[in-house]
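Below is one structure, written out as structure tokens; the observations come after it.
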Amino acid sequence: MNLVFLGPPGAGKGTLAIRVVDLLKIPHISTGNIFREAIAAKTRLGLKVKEIIESGGLVDDITTIELVRERLGHSDTAGGYILDGFPRTIPQADALAVFSKLDYVVNFDLPDTIVIDRLSGRRVCRKCGFNWHAAFNPPSKEGLCDKCGGEVYIRDDDKPESIKKRLEVYRSQTEPLIAYYREKGNLVDIDASPQVDAILVNFKKALKLS
Ligand code: AMP
């Protein structure tokens, strides 16, 4: 099953994706994770995108489309994939339609006030990628992941100025994709405000998996 997870930053796309990987045995492809890994490894791609990502802007379409086109060519996507954070613009969606066919686009619906609360408290494990929250779900020892012992940190783009910019970018450049996919007929709306277990139940119902 070929899936796109669409929604504002902090909507829980990555958290649900981890559960859906288990359920459907398909890979989770997050363009944000790929860029962050490239930045950490100081590759050419990483050096090119570092500043723009940390400020909350979007990487250019040509670079991002090429990255996803290449990734979807790997054999592990033969049974499907979850694309998380791509497409983020209409040109990206047009390009994706040329090289892959989507089954569903899952639209995570969440108001800005909740997005800001979630992102400003988000703490991420550098080792396993688990998302903690400083107020709602803190690790038992500050700065250390309960799951794997890795270092828990604040993403550079989760700082207040970048959060504001990312939300503006989302509403202006990415939100138009909701109408784009609704018109194509493969959009599924999910209320992203409950806990992940409840979202998973709604997800399965919407995709007729249970
Ligand atoms: P995410 O982890 O999905 O929130 O992505 C983190 C950052 O990576 C975004 O704020 C963008 O700077 C960049 N990024 C991720 N996916 C894309 C995309 N499809 N197009 C452009 N930039 C992207």
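Only the coordinates and a few stated rules stand behind these numbers; no lab work does. If you're wondering where the values come from, they're calculated on a predicted model, not measured in any experiment. With ideal geometry, Cβ positions are generated from the backbone for all residues, glycine too; neighbour counts draw on all protein chains shown.
What whole-number volume per residue, in cubic angstrom, does the convex hull of the C-alpha atoms of the chain give? Output value, Cα hull per residue: 122 Å³. Each residue of the stretch 21-35 was assigned a 3J(HN,Hα) from its phi angle through the Karplus curve 6.51 cos²θ - 1.76 cosθ + 1.60 (θ = phi - 60°); the sequence is 4, 4, 5, 9, 6, 10, x, 9, 10, 10, 5, x, 5, 4, 5 Hz, with glycine and proline shown as x.
Considering only DSSP states other than H, G, I, E and B, which GluC sites (Glu not before Pro) in the stretch 78-186 qualify as loop sites with at most 12 other Cβ atoms within 10 Å? Working shown, then result.
Numbers: sites: Glu142, Glu151, Glu161, Glu168, Glu183; in loops: Glu142.
Passing sites in the stretch 78-186 are Glu142.
DSSP finds beta bridges in the stretch 1-136, and of those with both partners inside it, around 20 percent are antiparallel. In terms of overall dimensions, the stretch 1-61 has a Cα radius of gyration and Dmax of 13.3, 36 angstrom. Comparing mean-square fluctuations of Asn107, Asn33, Asn137 from a GNM of the chain with C-alpha springs under 10 Å, the top value falls on Asn137. Reported to the nearest whole Å, the Cα centre-to-centre distance from the stretch 141-210 to the stretch 51-66 is 18.
For the stretch 2-99, applying the loop criterion from DSSP together with a ceiling of 16 other beta carbons within 10 Å to the trypsin sites (Lys or Arg not before Pro) yields Lys25, Lys42.
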